Amino acid sequence: MKTLVSIGLLSVLSWLPKSTNEETNQWKHTREGEGIVVYTRGGESSGFKEIKATVTMDCSLQTLVATLTDYGNYKNWIYSTSQSYTITKVSDFENIVYQYIDAPWPLSDRDVCMRIKLAQDPKTLNVTIDSKSENSLKELVSGVVRVPYNFAHWDIVPIAKNKLSCTYTLKTNPGGAIPAWIANMFITDGPYDSILKLKSVEIKKSQYTSAKNAKIKEKY
């Protein structure tokens, strides 16, 4: 377990208890920089804040899809993820994926099993990626807290050649008791740092820029 602050993906990033204020359903600007804007709002029922991040990616659809669906590479850019891999490939558009998240001492590490589905609208050519936790897909790991609920969504809209307007949203319940000071760190740092690394490093790697997927069509 790492003692440094590092908890996961954009997969378990919003460990901040929600406010009881009537305005919790409104998105609140949290952080901005390098073309990334992060918002939060009170969760509908989980007791943890939801996250939304917007960013423009300077790459093709092929490149971004290849990067986001390289599940074994999550550990290189998703905040605090130290292990990730495909459990089962259901189809070209659906995978069962495992992710392990390092938590700072004295918290227990977390893990999550996700069913990830990719889709492309045949008319607009917009791409969506949905990731929903399904905890029965892998046996529990001793000493590790299985995240009880996690739902993440990518909305990817081509707006010009090699330019994509992206919106990422996350609803999660990390399980267990999370101190507010840790939650505050993750709500501001996690989504921003992950997307920044995705934008500035990962989508520029040659294995992604040269990727070709016959099932994904470019708009421009």
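Here are a few things to note about the model shown:
- Unsatisfied cross-links (Cα-Cα over 31 Å) in the set Lys117/Lys204; Lys52/Lys163; Lys49/Lys217; Lys49/Lys161; Lys138/Lys161; Lys49/Lys212: Lys49/Lys217; Lys49/Lys161; Lys138/Lys161; Lys49/Lys212
- Extending 7 Å from Cα along the Cβ direction at Ala160 and again at Lys132 yields two label points whose distance is 3.7 nm.
- As a size descriptor, the averaged projected area of the C-alpha convex hull of the stretch 22-209 was calculated at 11.4 nm².
Values quoted throughout were computed directly from the atomic coordinates according to the rules given, and no laboratory measurement underlies them. As the structure is a prediction and not an experimental result, all values here were calculated from the model. Neighbour counts run over all protein chains shown; Cβ positions are idealised from the backbone, glycine included.
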